[in-house]
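I have placed the structure first, in the form of structure tokens, so that the comments after it can refer back to it.
The values are calculated or read from the model by the stated rules, or taken from the named source; none is laboratory data. What you see is a predicted model, and the numbers here were worked out from it, not measured in a lab. All Cβ positions, glycine included, derive from the backbone under ideal geometry; neighbour counts span all protein chains shown.
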């Protein structure tokens, strides 16, 4: 993948439903979100891979069972898979279950742009937008900048909410 240093035009990005053909990509993407945490572990690469496989499978099963009506989307840039966006639209709330980009596409404005679209949807529909984020996740600053507010804590996760009002 080529690195993105500036935000690409919106018309070069698209969503599509994740399929079974995306599982290896999604597993690799998931692994990138845990790299810093795993660097601190004294495990060999094989043990880390087994752990990530187990955690990815557990997360996938959890999302599928707790969010049966959610959209599980792959984000593409000019046809290249660069991330995922999982969203559950309820009657009062739009929940961003998960958003992640490959490392070479982070910190260039793509996540901000995509989340701004979800916030605009929340604004036009009168729905709040929520997301759970780990306390140490660098994206927490993005959510703060976009107007999300911490409303609850569940273990290491903070529930953040953006309100149309």
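For the range 64-77, enumerate the residues that are more than 13 Å from residue 23 (Cβ to Cβ) and surrounded by 11 or more Cβ atoms within 10 Å (Cβ to Cβ).
67, 70, 71, 73, 75, 76, 77
Across the range 31-44, a minimum of one residue is classified as surrounded by 13 or more Cβ atoms within 10 Å (Cβ to Cβ), touching a strand residue (DSSP E or B) at 6+ places or on another chain (Cβ under 6 Å) and either in contact (Cβ under 8 Å) with a residue 12 or more places away in the chain or not in a helix (DSSP H, G or I) (or both). The requirement of being loosely packed, with under 10 Cβ neighbours inside 10 Å and closer than 17 Å to residue 98 by Cβ is not satisfied by residue 28. Scanning the range 125-151 for residues that are over 14 Å from the mean Cα position of the chain (by Cα), in a loop (DSSP other than H, G, I, E, B), in contact (Cβ under 8 Å) with a residue 24 or more places away in the chain and surrounded by 13 or more Cβ atoms within 10 Å (Cβ to Cβ) returns 127, 146.
When each of 117, 121 is tested for being assigned to a helix (DSSP H, G or I), on the phi < 0 side of the Ramachandran plot and without any contact (Cβ under 8 Å) to a residue 12 or more places away in the chain, the lone residue that passes is 117.
Residues in the range 84-111 that are touching a residue at least 60 places away in the same chain (Cβ under 8 Å), part of a helix (DSSP H, G or I) and either touching a helix residue (DSSP H, G or I) at 6+ places or on another chain (Cβ under 6 Å) or surrounded by 20 or more Cβ atoms within 10 Å (Cβ to Cβ) (or both): 103, 105, 110. A count restricted to the range 1-27 and to residues that are part of a helix (DSSP H, G or I) and either touching a helix residue (DSSP H, G or I) at 6+ places or on another chain (Cβ under 9 Å) or at pLDDT below 90 (or both) stands at 4.
Look at residue 121 and say whether it is surrounded by fewer than 16 Cβ atoms within 10 Å (Cβ to Cβ) and modelled with pLDDT under 95. Taking the combined requirement at face value, the residue does not satisfy it.
Determine whether the range 153-163 contains at least one residue that is crowded, with 19+ Cβ neighbours inside 10 Å, modelled with pLDDT of 95 or more, touching a helix residue (DSSP H, G or I) at 6+ places or on another chain (Cβ under 9 Å) and closer than 19 Å to residue 7 by Cβ. Within the range 153-163 (the criterion being crowded, with 19+ Cβ neighbours inside 10 Å, modelled with pLDDT of 95 or more, touching a helix residue (DSSP H, G or I) at 6+ places or on another chain (Cβ under 9 Å) and closer than 19 Å to residue 7 by Cβ), the answer is no, since none of the residues qualifies.
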